[in-house]
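This report concerns only the one structure given below.
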Amino acid sequence: MKEGESLTGSTLVRNIGELVTNSGSGPYRNANFAFAYENSVITWVGPESQSPKNCENIIDATGAAILPGFVDSHSHLIFAGQRSAEFAARMAGESYAAGGIRSTVAATRAATDAELRNNCAALVDEFHGAGITTFEIKSGYGLDVESEVRSLRIAREFTPETTFLGAHVVPTEFSGNTDAYVDLVCGEMLKAALPYARWIDVFCDRGAFTPEQARKILHAGMDAGLLVKLHANQIESIGGIEVACELGAVSVDHLTYTSDSELALLAEAGIVATLLPGVEFSTRSPYPDARRFIDAGVELALATDCNPGSSFTTSMQLVIALAVREMHFTVDQAVLAATLGGAKALARTDIGAIAVGMSADFVILTAPSIDFLAYRPGVPQIAHTYKAGKALTT
Ligand code: NIG
Ligand code: FE
């Protein structure tokens, strides 16, 4: 099937090496399973021997593994320029600081709409090739009313999951005047961003915003009807998790440095912890241990955090490989976190599983098992990506 082509009538997907459904009470990987969909929605899943007989179309997976499309719940795709020199300096011994964000802000403000749109479109193509069928995009490299609104408006052309991150860092022109910037974010900027955003987020960390400032901004967003996310504990634990719990955030992201008592708070509040191993990789930071989160009863998501500073990757496969190798996820846990976990971090119940009623979003690998996602690091294993039953890749 060609890119963008949609099959009419019902489609049966069969001859699957192993099928990850993220639903039901059986094993995580199902052998000899098939599924069917019609009009973009999954209509049947079960043993291939019991397949519906009347499907108009057949997709033959030729023994390859199939899993739900990846859900990337955290990315920053609206920006201009790149920061490879900053990366190289880090690899030579510099440490990561929030301040690098300001250089991307300058480049983003100077870019035309077409440049931002084309840059984003190229990265979205990479996402699709990487098996990502749903993704979130944050603003946060505009940091003035007009540039933040423009970022969100362009992001909306690509995804309904858009996040207002006016509180990414304090822009240079407000240096020494953070309170005035916080007021701008909570007031005029939020109001202008609202028509284009579903979520609000704040970078609550050393060098960015304090928990008190985060509380004020997130509260304003919540009152205006936005759902809450938070960047916290990437550089240091400064109290962001307490604020996220107090406000009922859906997810807290990064969590490079998280204490046992903070994990207990996240578990108690039912907040999804979104881990971003591309950041630890690209900033040479210690990887958090997923076993601590799992033992504490915290639900996990994995995301790319694709951005030009701390994680310039669109490869969910790399994220999974790092999560398995460095964070002690099992392959099954990592795949679950990159699919259903991402869906939960986006408060979505229509994606993240191959089950009746779900959107027909799925990935066909080149390999017979999902182990290959981590077992063949650096070697793409995605053969085809389907969203709502349509092929996104050729
Ligand atoms: O999620 N940590 C804060 N924001 C981004 C990085 C932004 C940048 O360095 O440009 C992140 O890692
Ligand atoms: Fe981020």
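When Val41 is tested against (1) under 21 Å from Gly140 (Cα atoms); (2) at pLDDT 95 or above, exactly one condition is not met: (1). Inside region 308-337, residues that are within 16 Å of ligand 2 (Cβ to nearest atom), surrounded by fewer than 24 Cβ atoms within 10 Å (Cβ to Cβ) and either of a type in the set (Val, Ile, Thr) or in a helix (DSSP H, G or I) (or both) make up a count of 1.
Within region 229-256, track down each residue that is surrounded by fewer than 24 Cβ atoms within 10 Å (Cβ to Cβ) and either more than 20 Å from the chain's Cα centre (by Cα) or closer than 25 Å to Leu194 by Cβ (or both). Within region 229-256, Glu236, Ser237, Ile238, Gly239, Glu242, Cys245, Glu246, Leu247, Gly248, Val250 meet the criteria. Residue pairs whose Cβ atoms lie under 6 Å apart, separated by 6 or more positions or on different chains, with the first residue in region 96-107 and under 14 Å from Ser84 (Cα atoms) and the second hydrophobic (A, V, I, L, M, F, W, C) and within 15 Å of ligand 2 (Cβ to nearest atom), are Ile101/Val169; Thr104/Phe79. A single member of Ile354, Ile370 is touching a residue at least 40 places away in the same chain (Cβ under 8 Å), in contact with a Lys or Arg (Cβ under 9 Å, 6 or more places away or on another chain) and either crowded, with 20+ Cβ neighbours inside 10 Å or in a strand (DSSP E or B) (or both), and it is Ile370. Checked against (1) surrounded by fewer than 23 Cβ atoms within 10 Å (Cβ to Cβ); (2) out of contact with any Asp or Glu (no Cβ under 8 Å at 6 or more places or on another chain), Ala296 passes all but a single condition, namely (2). Of all residues in region 78-107, exactly one satisfies the criterion of being basic (Lys, Arg), within 16 Å of ligand 2 (Cβ to nearest atom) and assigned to a helix (DSSP H, G or I), namely Arg102. Please go through region 276-297 and pick out each residue that is within 16 Å of ligand 2 (Cβ to nearest atom), within 16 Å of Gly342 (Cα to Cα) and either modelled with pLDDT under 95 or assigned to a helix (DSSP H, G or I) (or both). Answer for region 276-297, where residues must be within 16 Å of ligand 2 (Cβ to nearest atom), within 16 Å of Gly342 (Cα to Cα) and either modelled with pLDDT under 95 or assigned to a helix (DSSP H, G or I) (or both): Pro277, Gly278.
Considering region 112-135, the residues that are part of a loop (DSSP other than H, G, I, E, B) and in contact with a helix residue (DSSP H, G or I) (Cβ under 8 Å, 6 or more places away or on another chain) include one that is surrounded by the fewest Cβ atoms within 10 Å (Cβ to Cβ), namely Ala130.
The values are calculated or read from the model by the stated rules, or taken from the named source; none is laboratory data. Computed from a predicted structure; not experimentally measured. Positions of Cβ are backbone-derived with ideal geometry, glycine not excepted, and every protein chain shown enters the neighbour counts.
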